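The values are calculated or read from the model by the stated rules, or taken from the named source; none is laboratory data. Quick caveat, the model's predicted, so the values are computed rather than measured. Ideal geometry is used to build each Cβ from the backbone, glycine not excepted, and the neighbour counts take in all protein chains shown. In case anyone asks, the SASA skips ligands and DNA or RNA and just uses the protein heavy atoms, side chains included. Shrake-Rupley method; radii C 1.70, N 1.55, O 1.52, S 1.80 Å.
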Amino acid sequence: MLNKYFLSFKTKAAIKSTKAVRETNGFSNSLSIGILFTYSDKHNFALVNEMVDKLEQEGKSTNSITYIMKMGENDNYQFPFFNIKDVDSWGRWKKSEVNNFIDIPFDYLLNLDLNINNVTQNILARSMAKCRVGRYEEGKSDYFELMIDHRENDYKQFINQVYHYIKNLRNGE
């Protein structure tokens, strides 16, 4: 598939040529938070919904988008979603929701995947977010300003760690 090849090529180019201003504001000063995750099952989806609710109760504006590897699921998706078919043969996003999400200068962009994949890597690389947060993976530091070393496969614990760390970020206080 040419689209996967060109998407990978465009991801590498985006890492080198990003125009995003990367800085980490304290959580109390942040206004907008983006959430990017890959749909795996209903249980994990419910955990993401809980995280969104918690952030909104803190007064944060949230915007979420979901990568769905296999379309045709009968679940009710609360967030905009996309899959690999939304990438044209030149590695460009055809879906406006993805391009709009990339262009938002979030204070934080949370990648809630336990394993980063090529598709979400592209969004992270091209994102205008100020601070990108995700799970630590060897060789993936170009995609994040804050990486959380979570070695277990407990998704709930990972989401709780993400929340804990961003909530405790201070802006020189």
Here are the criteria: (1) open to solvent by 20 Å² or more (accessible area, probe 1.4 Å); (2) at pLDDT 90 or above. Tell me which single one residue 90 does not satisfy. (2)
Can you name every residue in the stretch 111-143 that is of a type in the set (D, E, K, R), open to solvent by 20 Å² or more (accessible area, probe 1.4 Å) and touching a residue at least 24 places away in the same chain (Cβ under 8 Å)? 126, 130, 135, 140, 142
Would you confirm whether or not the stretch 100-108 contains a residue that is over 23 Å from residue 167 (Cα atoms), aromatic (Phe, Trp, Tyr) and touching a strand residue (DSSP E or B) at 6+ places or on another chain (Cβ under 8 Å)? no
Do we find that residue 150 is part of a helix (DSSP H, G or I) and more than 15 Å from the chain's Cα centre (by Cα) in this structure? no
Residue ID - most open to solvent (accessible area, probe 1.4 Å), chosen from residues in the stretch 144-154 that are within 16 Å of residue 108 (Cα to Cα) and of a type outside the set (A, V, I, L, M): 145
So, in the stretch 25-59, exactly how many residues are more than 15 Å from residue 159 (Cα to Cα) and within 16 Å of the chain's Cα centre (by Cα)? 1
Restricting the search to the stretch 35-53, which residues are touching a residue at least 24 places away in the same chain (Cβ under 8 Å) and either in contact with a helix residue (DSSP H, G or I) (Cβ under 7 Å, 6 or more places away or on another chain) or open to solvent by less than 10 Å² (accessible area, probe 1.4 Å) (or both)? 35, 36, 37, 38, 39, 44, 47, 48, 51
Is it fair to say residue 25 is modelled with pLDDT of 90 or more, surrounded by 11 or more Cβ atoms within 10 Å (Cβ to Cβ) and not charged (D, E, K, R)? no
Filtering the stretch 117-144 down to residues that are under 22 Å from residue 100 (Cβ atoms) and assigned to a loop (DSSP other than H, G, I, E, B) yields 117, 127, 128, 129, 130, 131, 144
Which condition number does residue 78 fail, the rest of (1) modelled with pLDDT under 95; (2) surrounded by fewer than 20 Cβ atoms within 10 Å (Cβ to Cβ); (3) not in a loop (DSSP other than H, G, I, E, B) being met? (3)
Might you check whether a residue that is in contact with a Gly (Cβ under 9 Å, 6 or more places away or on another chain) and either modelled with pLDDT of 95 or more or within 24 Å of residue 162 (Cβ to Cβ) (or both) occurs anywhere in the stretch 41-61? no
